[in-house]
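**Student:** Once you've had a glance at the structure underneath, I'll fire off some questions.
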Amino acid sequence: MQSSILKALSGLMLGLVVMLASGRPAAAAELGDREARLVGTWRVQVTLVDCQSGVPLSPPFSSLLTFALGGTMTEDTSNPAFGPGQRGAGQGTWTHQGDHTYGARDVAFILYTTPPDPQTHNPGFEAGEQTITQTITFPDGRDAWTSKATVEFADTTGTVYRQGCALASAQRF
């Protein structure tokens, strides 16, 4: 009896060790190469642009985006338009849309209101939320992508008070 229990436990432990040791490659194989391509952390250069003309509205700034298996993501930015501690990290989801294209959407809290400041390219922000919706494309290879995004700001009641656009390029971290 004890021998059967020990054999069963040994088999279970061996299966657990194999599963844990295989990590990302096994999970990525389940998803397929196209779905797993985005998974990982990316150093992103973001430029806010005029939605109609594409003309840059401010100097580029850096962000970090991390995409996890299962379709979740986190994001953090160094955008100098926000005051110290004004904006929290973004959290969201991503999906594979076909070929080399992905969609992502994340939300970050704006924790306090600031007035406009032209010197820092700060248009002024209300406490509430920032939502970024982007289309990500891999034009060449696996270690770089570009994106076009819409950015929406809403106050604490959910009323949208500003919309904008951004272009970005990313390199695998």
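**Student:** What residue, of Gln97, Gln119, Gln91, is at negative phi, touching a strand residue (DSSP E or B) at 6+ places or on another chain (Cβ under 7 Å) and at pLDDT below 95?
**Tutor:** Details: Gln119 fails: touching a strand residue (DSSP E or B) at 6+ places or on another chain (Cβ under 7 Å); Gln91 fails: at pLDDT below 95.
One residue alone meets the criteria, Gln97.
**Student:** Just the residues that are in contact with a strand residue (DSSP E or B) (Cβ under 6 Å, 6 or more places away or on another chain) and part of a loop (DSSP other than H, G, I, E, B), please, taken from the stretch 41-79.
**Tutor:** Hits for the stretch 41-79 are Cys51, Leu57, Ser58, Pro60, Gly71, Ser78, Asn79.
**Student:** Run Pro139 past the list (1) at pLDDT below 95; (2) part of a strand (DSSP E or B) and report the number of the one that doesn't hold.
**Tutor:** All conditions are met except number (2).
**Student:** Same structure, new question: Suppose we filter Thr146, Thr131, Thr120 for residues that are within 17 Å of Thr159 (Cβ to Cβ) and of a type in the set (S, T, N, Q); which single one remains? Full working, then the answer.
**Tutor:** Working: Thr146 fails: within 17 Å of Thr159 (Cβ to Cβ); Thr120 fails: within 17 Å of Thr159 (Cβ to Cβ).
Of Thr146, Thr131, Thr120, the one residue that is within 17 Å of Thr159 (Cβ to Cβ) and of a type in the set (S, T, N, Q) is Thr131.
**Student:** A further question follows. May I ask you to list pairs of residues, at least six apart or on different chains, whose Cβ atoms are under 8 Å apart, with the first in the stretch 63-74 being touching a residue at least 40 places away in the same chain (Cβ under 8 Å) and the second being part of a loop (DSSP other than H, G, I, E, B) and surrounded by 14 or more Cβ atoms within 10 Å (Cβ to Cβ)?
**Tutor:** Close Cβ pairs (under 8 Å, with a partner that is part of a loop (DSSP other than H, G, I, E, B) and surrounded by 14 or more Cβ atoms within 10 Å (Cβ to Cβ)) amount to Ser63/Asn79; Leu69/Val39.
**Student:** Can you tell me which of Gln119, Gln134, Gln130 is of a type outside the set (D, E, K, R) and loosely packed, with under 14 Cβ neighbours inside 10 Å?
**Tutor:** Numbers: Gln134 fails: loosely packed, with under 14 Cβ neighbours inside 10 Å; Gln130 fails: loosely packed, with under 14 Cβ neighbours inside 10 Å.
Going through Gln119, Gln134, Gln130 in turn, the sole match is Gln119.
The values are calculated or read from the model by the stated rules, or taken from the named source; none is laboratory data. Since the model is a prediction, treat every value here as computed from it, not as a measurement. With ideal geometry, Cβ positions are generated from the backbone for all residues, glycine too; neighbour counts draw on all protein chains shown.
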